[in-house]
Amino acid sequence: MSGALQRAVPAVGVELALCLPETLFGSASVHPQASWVRAEYDEWIGRPGASSRAAVEQCLHILPHAPAERVLDVALLLSLFGGLDDLLEVDPHTELAAYFASLRTGHASTESKPELEVLARGMRRARHALGPHLFAQLLFGVEQWANSMAPTDSGWDDLDSYLQLRRPDFGFDAIRVMIDHGADVDLSELRASPFLEELLTTCYEHALFVNDLFSYRKETQAGEGKNAVSVLIATQGMTPQAAVDVVCERITSAERNFAALADREAHRHTAEYVHCWRHVLAGNLAWSMTTPRYNGVQHPAASSLPTHMVLHPERTEYRYRCG
């Protein structure tokens with residue numbers, strides 16, 4: 001695998017053409033109460049950093065029309081992923097499982113582990129904000145994500161197996177609960193519908209491929225193989241440009257599927273939910289293009305999608321169509 005990862009690392013200054021659909025991107029915007037959300041978030045976290053600020057900025061993009069208090073809730077929940085990442089670097093999974101068990105009973109121990117305090121406070125806030133039904137779903141999704149980070153011999157042979165294995169690792173089932181809270185739409189009677197499963201699968205694929213495309217430079221520079229572009233290079237022997245072309249095609253396909261689902265859905269609550277996800281996917285695309293978390297630098301918001309990205313060791317540069 002190390003040889004495959006080595007081949008996946010892009011050459012310095014390599015330029016990759018991007019063929020991305022404009023449909024959803026046209027819905028991208030930033031929450032009008034962004035300053036309030038940022039200030040409240042920083043006060044609550046107490047020690048803002050690059051990873052935590054990335055969480056709040058992402059939420060300001062993906063939930064531009066949600067009540068500001070709910071955007072704050074979701075930003076704090078997303079930041080828990082960063083906290084869990086820190087835990088997984090220092091604690092074996094057996095300890096993490098024990099912590100989750102105690103958290104479910106309301107008696108989480110944070111002795112000798114100050115980093116757990118923010119996590120515990122966040123889960124207490126989540127329990128209050130989400131209510132028992134959504135909180136149970138959130139806790140299941142976060143535990144699923146944390147457990148998927150354990151060392152394993154399983155891997156992927158192609159892009160489809162990569163998609164299947166990445167869903168828990170991507171944390172999508174926990175993210176979906178956060179979006180449910182932000183949307184404030186009651187889907188309890190429709191949760192098992194085939195329509196919602198198809199919608200969520202489409203949203204997962206769009207979000208994953210977008211994130212993988214724009215984080216490709218960062219992850220390959222770090223030697224990471226959890227990236228759709230890297231998987232195509234390693235398993236199919238593609239060039240970086242051919243792999244990027246396939247990822248852009250999958251993003252386009254997901255947008256087409258999303259549009260078809262939106263056109264056929266008439267149920268009022270589900271239509272509202274689809275409308276919310278339209279902004280989530282558009283916002284995730286806009287955030288992925290601009291965030292220094294992926295690009296090494298903060299890019300200004302753009303009114304159109306780039307036609308090329310140039311990969312440098314420390315930053316990503318975008319190029320746009322002239323005229």
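Work through the residues other than residue 184 whose Cβ is under 10 Å from its Cβ and net out their charges, Lys, Arg +1 and Asp, Glu -1. Net of charged neighbours comes to -2.
Our coupling estimate for the stretch 136-146, obtained by passing each phi through the Karplus curve with A = 6.51, B = -1.76, C = 1.60 and θ = phi - 60°, is 4, 5, 4, 4, 4, x, 5, 5, 4, 5, 4 Hz, Gly and Pro reported as x.
Per residue, the stretch 190-323 exposes 42 Å² of solvent-accessible protein surface, assessed with a 1.4 angstrom probe and all protein chains in place. Neighbours of residue 304 by Cβ distance under 11 Å: Lys/Arg scored +1, Asp/Glu scored -1, total 0. Accessible surface of the stretch 200-302, 1.4 Å probe: 50 percent of it comes from carbon and sulfur atoms. If the segment from residue 161 to residue 271 were pulled out straight at 0.36 nm per residue, it would be longer than the present Cα-Cα gap by 36.5 nm. Straightening the chain between residue 259 and residue 242 buys 3.5 nm, computed as 0.36 nm per residue apart minus the Cα-Cα spacing.
Measuring how big the stretch 187-323 is from its alpha-carbon positions, Rg and Dmax come out at 16.7, 49 Å.
Report the net charge of residues surrounding residue 38, where surrounding means a beta-carbon distance below 10 angstrom and charges are Lys +1, Arg +1, Asp -1, Glu -1.
-3
Using 0.36 nm per residue and subtracting the Cα-Cα separation, the extra length available between residue 187 and residue 224 on full extension is 9.6 nm.
The values are calculated or read from the model by the stated rules, or taken from the named source; none is laboratory data. Fair warning: this is a prediction, and the values are worked out from it, not measured in the lab. A quick note on method: Cβ atoms are made from the backbone with ideal geometry, for glycine too, and the neighbour counts reach across all protein chains shown. Ligands, DNA and RNA are stripped out before the accessible areas are found, and what is left, the full protein with its side chains, is counted by its heavy atoms. Shrake-Rupley method; radii C 1.70, N 1.55, O 1.52, S 1.80 Å.
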